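What follows is a single structure, written as structure tokens, with notes after it.
The values are calculated or read from the model by the stated rules, or taken from the named source; none is laboratory data. Treat the numbers as computed from the prediction; the structure is a model and nothing was measured. Neighbour counts are summed over all protein chains in view; Cβ atoms, including those assigned to glycine, are modelled from backbone coordinates with ideal geometry. Note: areas computed on protein heavy atoms with side chains; ligands, DNA, RNA excluded. Shrake-Rupley method; radii C 1.70, N 1.55, O 1.52, S 1.80 Å.
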Amino acid sequence: MSELIIKKRQAVFVFRVEDIVYMEKNLRKIRLHAKMCGCEKYEEIEFYGRFSEIISQLDDRFMYCHRSYVINMDEIVWMRGREIFILPDIRIYMGKDAYGRARRVFEQYLNKKYPEKALKNAKFFL
């Protein structure tokens, strides 16, 4: 089990990587959304940083599909149009190019994660 360590002023936060749902960036601030204690509630923490510093601490389940988002692909429920849906009611909208890249990365991830399921011909997206 790996962990992501965030230092914010005089506090240190430790998140289990599998609890991280997604991260969004706005200017120099990153907002991390994570599950609380394995339940359906989410907590958010906002801190200054760069995705390039954080991505090196994450594994291959995380997709840096857009300059403003890093998404845990295990949390994706479906993709439709140019939106990625994450439970309970999170929608992440992307432009055409970013969505196309995200769709390809997600499809490769699913094929790698479930090779026995013959997903190569399945429809992943609505």
query: If you go through region 58-70 one residue at a time, do you hit one that is assigned to a strand (DSSP E or B), open to solvent by 30 Å² or more (accessible area, probe 1.4 Å), modelled with pLDDT under 85 and of a type outside the set (Ser, Thr, Tyr)?
result: yes
message: Where the second residue is assigned to a helix (DSSP H, G or I) and open to solvent by less than 30 Å² (accessible area, probe 1.4 Å) and the first is among the charged types (D, E, K, R) and lies in region 65-93, which pairs have Cβ atoms under 6 Å and are six or more apart or on separate chains?
response: 82/99
field: Hits in region 93-116 (condition: among the aromatic types (Phe, Trp, Tyr) and either under 15 Å from residue 72 (Cα atoms) or outside any loop (DSSP other than H, G, I, E, B) (or both))
entry: 93, 99, 106, 109
message: So residue 25 passes all but one of these: (1) out of contact with any strand residue (DSSP E or B) (no Cβ under 7 Å at 6 or more places or on another chain); (2) surrounded by fewer than 18 Cβ atoms within 10 Å (Cβ to Cβ); (3) farther than 16 Å from residue 2 by Cα; (4) at pLDDT below 90. Which condition number does it fail?
response: (4)
Count - residues of region 103-126 that are open to solvent by 40 Å² or more (accessible area, probe 1.4 Å) and at pLDDT 70 or above: 10
